[in-house]
Amino acid sequence: MRTKSLKKNKINVITLGCSKNVYDSEVLMGQLKASGKDVQHEAPKNDEGNIIVINTCGFINNAKEESVNTILEYVDKKEQGIVDKVFVTGCLSERYRPDLEKEIPDVDRYFGTTELPLLLKALGADYKHELLGERLTTTPKNYAYLKIAEGCDRPCSFCAIPLMRGKHVSQPIEKLVKEAEGLAAKGVKELILIAQDLTYYGLDLYKKRNLAELLENLVQVEGIEWIRLHYAFPSGFPMDVLDLMKREPKICNYIDIPLQHISDNILKSMRRGTTYEKTTKLLKDFREAVPGMAIRTTLIVGYPGETEEDFQILKNWVEEMRFERLGCFAYSHEENTHAYLLEDDVPEEVKQQRAAEIMDIQAQISWDLNQEKIGQIYRCIIDRKEGGYFIGRTEFDSPDVDNEVLIDATQHYLKTGDFTMIKITDATEFDLYGEPVQA
Ligand code: SF4
């Protein structure tokens with residue numbers, strides 16, 4: 001017997017997947033708040049509200065599974081009368097709506113990635129164009145994501161993102177500067193620039209790669225002290241960005257550039273538009289242009305046709321390149337991608353084994369690099385206090401994916417959101433320990 005809940009409408013937005021989904025949830029919540037709605041982000045289980053919006057991820061199998069399980073969890077709660085309405089949006093919904101509507105019909109409605117006004121209507125709110133660039137951020141107050149473009153024009157064979165996010169669309173520089181000023185006014189000091197392909201920025205709007213010009217404008221924004229670059233692409237990399245990174249202290253000496261693989265056979269099949277030689281030269285150019293910069297990359301192992309020899313080439317290269325930060329994923333065979341036409345011939349256990357081998361190599365590299373930091377002093381931003389420590393990051397570390405700096409909170413008092421000079425006293429593979437020192 002379903003019980004009608006008597007709660008005042010309270011909307012709880014749940015975000016799965018990547019930082020671009022976080023950004024979209026923040027935009028949704030900003031609009032809802034402006035329409036006087038009671039909205040929260042990932043509310044505690046004992047106070048979830050009665051209307052649930054799940055912003056899903058549809059990138060690879062694991063992410064899809066997590067999205068489906070989350071939908072089922074809330075459909076079950078609806079059945080029990082704990083929640084009244086369940087709405088689903090985001091990439092999984094964009095990609096599989098007809099199947100989802102058939103298989104999980106108890107969801108009140110499914111929305112695509114470009115249907116914000118419709119979703120708002122279903123939640124009893126109107127889309128307010130004048131709010132463009134305004135949102136309810138969910139990250140710690142000192143940093144925020146800035147989505148400079150959406151969609152992607154690249155033909156990478158394994159990737160379903162263009163199916164879910166469409167063609168590349170850059171946001172105008174003026175709008176992004178206004179957004180950055182609004183964030184700075186709210187105390188944001190670090191801007192994390194995101195897109196599907198950051199380095200493609202401007203090609204549609206300004207008919208040229210214009211990331212450097214955007215950065216020239218963003219470094220003028222008062223209050224913003226760090227600007228971080230995520231999701232660069234190797235081929236056609238705008239080298240003027242490196243000159244600016246070197247010249248401008250506000251631009252972190254850090255770049256995230258997913259490279260996926262390095263064996264020429266695999267790069268060709270992946271349609272990455274680059275080669276072993278070109279990619280390796282690009283990384284060498286990075287290190288020459290900005291000595292000491294941190295390079296983060298992401299790799300895929302177990303791609304169709306990946307031989308033991310291809311994998312050996314990749315392993316040797318990871319050892320040689322000594323990335324500061326690296327993530328490695330097992331290939332996921334995704335419908336409607338070009339690679340789906342190939343046979344998914346690498347057994348799952350071999351994929352997992354190869355991913356583990358790469359991460360073992362990286363753990364050792366990260367350990368060695370972190371040992372070299374002991375005794376050094378770094379300007380750190382303090383994100384939070386947790387478990388007896390203040391947790392911060394250097395300019396070489398992005399939130400949630402990279403190293404953290406731990407400062408003993410029983411010995412020292414620090415203000416979250418502030419920059420502090422920290423002397424590193426100890427290090428593990430992926431964390432640093434330190435103490436505050438005078439600037
Ligand atoms: S650049 Fe990234 S988002 Fe675009 S198709 Fe390639 S992997 Fe996908």
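The values are calculated or read from the model by the stated rules, or taken from the named source; none is laboratory data. Here the structure is a predicted model, which is why all the values come from computation and not from measurement. A quick note on method: Cβ atoms are made from the backbone with ideal geometry, for glycine too, and the neighbour counts reach across all protein chains shown. Side chains are part of the model used for accessible areas, which takes the heavy atoms of the whole protein and leaves out ligands, DNA and RNA. Shrake-Rupley method; radii C 1.70, N 1.55, O 1.52, S 1.80 Å.
Listing for the model above:
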quantity	calculated
Unmatched cysteines, the chain - criterion: no other Cβ of a Cys under 4.7 angstrom	18, 57, 91, 152, 252, 328, 380
Charge tally in the Cβ shell below 9 Å around residue 305, where Lys, Arg are +1 and Asp, Glu are -1, residue 305 excluded	-4
Per residue convex hull volume, Cα atoms of segment 96-176, in Å³	164 Å³
1.4 Å probe accessible area per residue over segment 10-130, in Å²	43 Å²
Cut-off 11 Å between beta-carbons: net charge of the residues surrounding residue 424, Lys and Arg +1, Asp and Glu -1	-2
340, 145, 389, ranked by accessible area, largest first (probe 1.4 Å)	340, 389, 145
Chain lengthening between residue 320 and residue 336 when straightened (0.36 nm per residue, less Cα-Cα)	2.2 nm
Alpha-carbon Rg/Rh ratio, for the chain, with Rh computed the Kirkwood way	0.96
When each of 128/175; 37/85; 45/78; 246/278; 10/186 is checked by Cα-Cα distance, pairs over 20 Å	246/278; 10/186
Surface share of carbon and sulfur [accessible, 1.4 angstrom probe, percent] for the chain	52 percent
Gain upon complete extension [residue 76, residue 281; 0.36 nm per residue less C-alpha separation]	68.5 nm
Of the DSSP H helices in the chain, those whose Cα atoms cover at least 15 Å axially and whose Kyte score averages 0.0 or more	173-185
Fully extended contour minus Cα-Cα distance, from residue 43 to residue 359, at 0.36 nm per residue	110.4 nm
Choice from 54, 227, 361 showing the highest fluctuation, given a GNM over the chain with Cα pairs closer than 10 Å	361
Convex hull of segment 10-130 built on C-alpha atoms - directionally averaged projected area, nm²	6.9 nm²
Per-selection metrics, segment 163-235 (Cα): Rg and Dmax in Å	12.6, 38
